[in-house]
């Protein structure tokens, strides 16, 4: 395959798009803003789903499914939520096509099949779910409700980019209902921890947990928590959000419960979600100019075995050894591919599996057969070494764990190197333009300052980190007092 | 809970709806024709998905994801397909809401945000997928493509019934592309076999494999194969379909490939799908007036343990024994629930788990502790027996296998008893009205006769069974010659 993608240095944005295409992850469809997730990309998403789904179930959640459509009047009920999404909603207005009398073989929308009430294609499901919870909840005995949904949602984005921002995307959305504010806040924080755990331990992606400024809150939420990750170009990517909804949706949909004392009260809610955007984060955090680098825990193929052969006879001998290793590794629960195609040269295959991010490559040639060895190459470091065939089965699982850890360490070291404390607006601008990355700076807590900084620098407050220490200072922009630093960055 | 549902004898249709509600499987939403799949119902669907997904992957298929929306011009391309679905399509015409100047707090469709081309919410994905395959396929080396998608689809049905017929439903749709007709037909038949295997071995549901009459074909297919199951009221339910598409979609979307000789040819296609309709089939084939009866292979909970206690002290002692059994059964890979709630009586719990179809119930009371026994009840036969506690772990897995087999045998015996060979139209009508079930009758092969029989009897040709022997006869309706019997029934 050779160097088929733009280098990161040359054009980071184009590198990303080239990689998504060449690694066979996704492509644009003929439907504006909607992507096709290709089989290899989807198999990584499936691994993410499995990991997350188990974590949700381990924390007591169950899956359910709610309608794709939300009637307009229901969508309107929580005003802030409605206002927040109104400008990017796909709207169903008719339910039938008919033959176009003016054009043979063509169809037209049947004007007689106009809906009495328009349907919004869900951009998020709070409205439809809380209108349902109203039927499910009468008493404290019906609480908590801990439900998650795996679904597609649509937000009509004008500028789209594969995985990062698409009109339709896949996600999970948890929607929980509780008897007390305390319990709902605990749930919100618990799910933030689940997301951080998933990002760090599956995606090898260090994240900063924090709370959004009021201006960046989810529409309809009382508080929005988030995890923020750093990409290799120093930009931030919001990788997951968990919202404390207070009683906002319960009030909008009149969801009340009788507490233990028999008194009626509104239910407390949370919602939390991650999406196929995580695919974008995974790619941009780890990969290089040769293609994708996958953390072993999300790799559809852990090990690829490539035979180096000139004759059919050599291939047969190598295959014996390869099949043995294949069986041993599968026995250890690993996913292994033996690529014995005779239509492609080893060099082509090497490049192909590098592009696809397979963590470990084993190559076996005639000399290896003589010596009882294989050549082992790591995708993350590109290191190669010759190892004894009879040691492969013991070595590989350890090495995969090491790769997983190394990828995390590398991303963490990069983030630390690219995080700067700044105390003046001049430094703020200088660092942002010359170095990029995360800036820890004092902010006076006002929406005006936040907006002004965004306007002047394109950097936004990513979050107020949960672990930010109390530290008296003055706002980099206004000079007004501030109690702690917040995290600024340019972001995806 | 008591007898909370209508009996089958009284009103089979109402029994079904009562059961779906009381077993907490699904409910109607406030969105016309769309259902909410509740957590317990969804957990059964998840088991179905897992079983099917593994079978698809074992036969070489991979998952992918294609857009929810299909532009109208793309939808039109395969004319028969478009014509077949045009009358039941939800259409997106706008992409934005705005504040309604006439009503504060209300939204209206923004007339300035009208789409240049309307989008059809997919009723099935052949169009969008074949328009994508055009980009993926150049040469025979790119074939076969063996892709499956798990997705939601929308067909605007006027009369809906939970799981059986809903405007939005969940399904999987396989879409494969091949270099030869033979290979595509083999794929079509293979997937029919996969569906039959799943129905019989997971759902304990015997099915008849057959091919649809031309009038019942999937719009755009050359041949539609199906599996047909019998419900307890004697009506048929189509449980899955597999279509040989010939080159129809390849022609419509200009998908050509260079064969080994370098000659261009159109690609051969198949598509195949099963949906949440299978939930309806599962319920209606097996359940009784006390609720759901689940085959163990699809039961979210295999065994429930109910303690019979008067005092806290008794509960503690019983819990020790229950926890031991719980651990042993979990060790054997089973899903077990110990219901130690002190807010509900044992009788209530018994009825609840019967309603939910849990295959095995274990009850432990003070006398059982003395005797070292438990009371074991089977959901399928309602048989109860007292067994030694130390035999439970060995007994349960065997018993679950027996229940699975018994449910299949019972459904098969019922179907055989309810299948009648008829040779005159008088008998046809009589049997249909008095006994119901499947009728094996001669048909002259014409669409006219098929339509006339449907008009007069409401029975349709479910399929021409694949194993139907050659047998010369005369059509029950027209008296014209026929070479084999076909399967008639009234159907869901």
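Any read-out appearing in this document is the output of simple, stated calculations on the displayed coordinates, not a laboratory observation. What you see is a predicted model, and the numbers here were worked out from it, not measured in a lab. Here the Cβ is made from the backbone with ideal geometry for all residues, glycine too, and neighbour counts use every protein chain on show.
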Exercise. How big, on average over all directions, is the shadow cast by the Cα convex hull of the range B:359-400, in nm²?
Worked result: 2.7 nm²
Exercise. So if we plug the beta-carbon distance of residue B:335 and residue A:430 into 1/(1 + (r/R0)^6) with R0 = 56 Å, what FRET efficiency do we get, rounded to 0.05?
Worked result: 0.40
Exercise. Looking at chain A from every direction and averaging, what is the projected area of its Cα convex hull in nm²?
Worked result: 29.6 nm²
Seminar exercise, completed: With the label set 7 Å along Cα→Cβ, residue A:333 is separated from its counterparts in the other copies, in nm and shortest first, by 1.5
Exercise. What list of whole percents do you get for P(r) of the range B:325-465, with Cα-Cα distances grouped in 10 Å bins up to the one holding the largest distance?
Worked result: 9, 28, 19, 13, 16, 12, 3, 0
Exercise. Per-residue mean of other chain beta-carbon atoms within 10 angstrom of the beta-carbon, peptide A:98-109?
Worked result: 3
Exercise. When the chain is fully extended, how far beyond the present Cα-Cα distance does residue B:193 get from residue B:342, taking 0.36 nm per residue of separation?
Worked result: 48.9 nm
For this session: Taking all pairs of distinct Cα atoms, average 1/r, flip it, and tell me the Kirkwood hydrodynamic radius of the range B:61-105 in Å to one decimal place.
Result: 14.0 Å
For this session: Looking at chain B, send over the antiparallel percent of its DSSP beta bridges, to the nearest 5.
Result: 85 percent
Seminar exercise, completed: Ranked on Cβ counts within 10 Å of their own Cβ, fewest leading, A:124, B:457 go B:457, A:124
Exercise. In the P(r) worked out for the range A:161-214, what percent of Cα pairs fall beyond 17 Å?
Worked result: 58 percent
Seminar exercise, completed: The exposure ranking of A:121, B:36, fewest beta-carbon neighbours within 10 Å first, is B:36, A:121
Exercise. Spin-label point model (7 Å from Cα, Cβ direction): what's the residue A:259 to residue B:417 distance in nm?
Worked result: 5.7 nm
Seminar exercise, completed: Inverse of <1/r> over all distinct C-alpha pairs of the range B:207-260, i.e. the Kirkwood Rh in Å, gives 12.9 Å
For this session: Take the alpha carbon atoms of the range A:314-349, find their center, do the same for the range A:121-192, and report the distance between the two centers in whole angstrom.
Result: 44 Å
Seminar exercise, completed: For the range B:261-354 the mean separation of alpha carbon contacts under 8 Å (6+ apart) over residue count, i.e. relative contact order in percent, is 28 percent
Problem set entry | Rounded FRET efficiency, nearest 0.05, which uses the C-beta distance separating residue A:472 from residue A:447 and R0 of 30 Å | 0.85
Exercise. Exposure proxy check: A:314, B:470 ranked by fewest other beta carbons within 10 Å?
Worked result: B:470, A:314
Exercise. Please report, for the Cα atoms of the range B:12-286, the Rg to one decimal and the Dmax as a whole number; what are they, in angstrom?
Worked result: 20.2, 69
For this session: Mind giving me the nanometre distance, one decimal, between the label points for residue A:21 and residue A:312, set 7 Å out from Cα along Cα→Cβ?
Result: 4.0 nm
Exercise. Based on the alpha-carbon gyration tensor of the range A:127-247, what equivalent-ellipsoid semi-axes (square roots of 5 times the eigenvalues) come out, in whole Å, largest first?
Worked result: 27, 18, 14
Seminar exercise, completed: If N is the residue count of the range A:207-316, its Cα Rg over 2.2 N^0.38 Å rounds to 1.82
For this session: Specify whether the C-alpha gyration tensor of the range B:305-366 places it in the rounded, prolate or oblate class, a ≥ b ≥ c being the square roots of the eigenvalues: rounded for a/c under 1.5, otherwise prolate if a/b is larger than b/c and oblate if not.
Result: oblate
Seminar exercise, completed: Per the helix-only model, chain A has a calculated mean residue ellipticity at 222 nm (DSSP H runs of ≥4, -39500 (n - 2.57) each, divided over all residues, rounded to the nearest 500) of -11000 deg cm²/dmol
Problem set entry | Rounded D (µm²/s) - the range A:1-160, Kirkwood Rh over Cα pairs, Stokes-Einstein at 10 °C, 1.306 mPa s | 80 µm²/s
For this session: With no solvent and one equal point scatterer per Cα, compute the Debye intensity ratio I(q)/I(0) for the protein assembly as shown at 0.08 Å⁻¹ and report its log10, rounded to two decimals.
Result: -0.92
Exercise. Relative to the first principal axis of the alpha-carbon coordinates of chain A, what is the inclination of helix A:39-58, with its axis defined by its Cα atoms, in degrees from 0 to 90 and to the nearest 10?
Worked result: 60 degrees
Problem set entry | Tail beyond 18 Å, pair distance distribution of the range B:72-197 (Cα, percent) | 68 percent
Seminar exercise, completed: Using eta = 1.567 mPa s and T = 4 °C, Stokes-Einstein with Kirkwood Rh from Cα pairs puts D for the range B:419-489, in µm² s⁻¹, at 110 µm²/s
For this session: Determine the relative contact order of chain A: mean sequence separation of Cα pairs under 8 Å and six or more apart, normalised by residue count, in whole percent.
Result: 14 percent
Exercise. Taking the label point as lying 7 angstrom from Cα along the Cα-to-Cβ axis, what are the distances from residue B:111 to the corresponding position in the remaining copies, in ascending order and in nanometres?
Worked result: 1.4
Exercise. Where a ≥ b ≥ c are the square roots of the eigenvalues of the C-alpha gyration tensor, would you call the range B:297-406 rounded, which needs a/c under 1.5, or, failing that, prolate if a/b is larger than b/c, or oblate?
Worked result: prolate
Problem set entry | Label geometry 7 Å along the beta-carbon vector: residue A:406 inter-copy distances in nm | 5.8
Exercise. Over the range B:419-489, what relative contact order in percent results from Cα pairs under 8 Å that are six or more residues apart?
Worked result: 39 percent
Exercise. FRET efficiency for residue B:406 and residue B:158, Cβ-Cβ distance as r, R0 = 30 Å, nearest 0.05?
Worked result: 0.15
